[in-house]
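The values are calculated or read from the model by the stated rules, or taken from the named source; none is laboratory data. Being a predicted model, the structure only gives us computed values, none of them experimental. Counting neighbours? That spans all protein chains shown, and the Cβs are built from the backbone with ideal geometry, glycine included.
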Amino acid sequence: MQLASVTLREIGLPLVEPFRTATGMVDTRRLILVELTDGDGTTAWSECVAEAVPSYTAETVDGAWTALADLIIPLVLGKSFTHPTDVHSALWSWVPDQPMARAAVEMGMWGMAATRREESLARFLGRISERGAAPRKTVATGIALGMQSDADELLDRIRLALRDGYRRIKLKVSPSLDLEILRSACTQTGTRAGLSVDANGSFSLENKSDMAILEEIDALGLSMIEQPLPANAFEQHAELQNRLRTPICLDESIASDADAELMIRLRSGRIVNMKPGRVGGLTEAVGIHDRCRLAEIPLWCGGMLESGIGRAYNVALASLPNFTLPGDISPSSRYWERDVITEPWTMDQSGMVTVPVDRPGIGVEVDRDFVDSIVTRQAKFSAS
Ligand code: MG
């Protein structure tokens, strides 16, 4: 593969449900789409999952755009690569702090390589993964819900999610959560769809009141507590896991294969939430998958409010054998009034999304007319 051109497009993708941020209501998702074209005209699309403001990690849409335009694309344009893992190596040492921007190009090269091989990305990844594996043909889907201050509203949302077929309900929590509402949610969810909570690192091991709340949560027998402590707190997570029966799932902590190795060695948790953008792309994601498989640590694929393009990569990744827990792989209609692909992602009544194992590449067609209608900035880079 030799990259002849790369086109960046920032889009504002209208959300079904506006959400509140620190600076006000947001009704569109700002996303960077990447269109890669190689010397023989093969194209592949990917996306950068960075958010508008630095909240989940320090990366932002504007920072990623600059990193892509001024650093990452010049490193790959016109260069020959025999395998997408070579792209990972080429970018890793130069752009360590921009994993989501790096992943946008690296993942696109995986999509490109699979298209050129005329096989699905899911099958291609399965072959690369240690010991090789045939991809599963469907992946189970869960849903993440905000913790409402109104118990009835939350219970309604859970009831609707269960009716739609979701196989796991996840609630966002913080030390200020209302435990009574969480207990009601637990009863409402029952056992068919396991309930889990995600604290995004908001608890502290040193704070007695935080620990008391975590012990109360532990008593509920949830399927997991995700990222209770800050990202770099590997030893503290190990100490906490030692005290809790509920499995700890790490998300923000795992930014690389080295982090996964540290987590396993210290026993900082028992589950990993994988987001390929967070770890710099699919090469690292598959490496972490394989490492966790050997250590008997199951994974699930998280979501970053991706369009149907980013979702295609997540679905392919989640088809690997050690992704045994339901991922945040909602159908297009959960977030988007209209998705950027011609056939939106759907979920069946039992909460399963079909993996396009027999379609070459990422298995979706980009709706170019719609993308053109929501572009807010665009830049094309060509090999000289
Ligand atoms: Mg999380």
Working only within the stretch 255-282, note down all residues that are of a type outside the set (Gly, Ala, Ser) and farther than 22 Å from MET109 by Cβ.
ASP259, GLU261, LEU262, MET263, ILE264, ARG265, LEU266, ARG267, ARG270, ILE271, VAL272, ASN273
Which listed residue, of THR57, THR82, is over 19 Å from TYR313 (Cβ atoms), among the hydroxyl-bearing types (Ser, Thr, Tyr) and either in a loop (DSSP other than H, G, I, E, B) or at pLDDT below 95 (or both):
THR82
Which of the residues spanning the stretch 70-101 are β-branched (Val, Ile, Thr) and buried (at least 18 other Cβ atoms within 10 Å of the Cβ)?
ILE72, ILE73, VAL76, THR85, VAL87, VAL95
Quick one: which of ALA140, ALA151, ALA161, ALA134 is away from the ligand (no atom under 16 Å from the Cβ), in the same structural domain as ASN232 (by TED's automatic domain parsing), among the small types (Gly, Ala, Ser) and without any contact (Cβ under 8 Å) to a residue 24 or more places away in the chain?
ALA134
For a quick check of your reading of the model, give me the residue pairs whose first member lies in the stretch 262-280 and is closer than 17 Å to LEU229 by Cα, whose second is within 11 Å of the ligand (Cβ to nearest atom) and of a type in the set (Ser, Thr, Tyr), with beta-carbon atoms closer than 7 Å and at least 6 apart or on different chains.
MET263/SER253
Which residues, taken from the stretch 361-380, are touching a helix residue (DSSP H, G or I) at 6+ places or on another chain (Cβ under 7 Å) and surrounded by fewer than 17 Cβ atoms within 10 Å (Cβ to Cβ)?
ALA379
Specify the residue that is surrounded by the most Cβ atoms within 10 Å (Cβ to Cβ); the eligible residues are those in the stretch 295-309 that are in contact (Cβ under 8 Å) with a residue 40 or more places away in the chain and more than 16 Å from the ligand (Cβ to nearest atom).
GLY308
When LEU205 is run through (1) without any contact (Cβ under 8 Å) to a residue 40 or more places away in the chain; (2) in contact with a Leu (Cβ under 8 Å, 6 or more places away or on another chain); (3) closer than 23 Å to GLY302 by Cβ, the failure sits at (3)
Which condition does ALA67 not pass, out of (1) free of Cβ contacts under 8 Å to residues at least 60 places away in the same chain; (2) touching a strand residue (DSSP E or B) at 6+ places or on another chain (Cβ under 6 Å); (3) surrounded by 14 or more Cβ atoms within 10 Å (Cβ to Cβ), if it passes all the others?
(2)
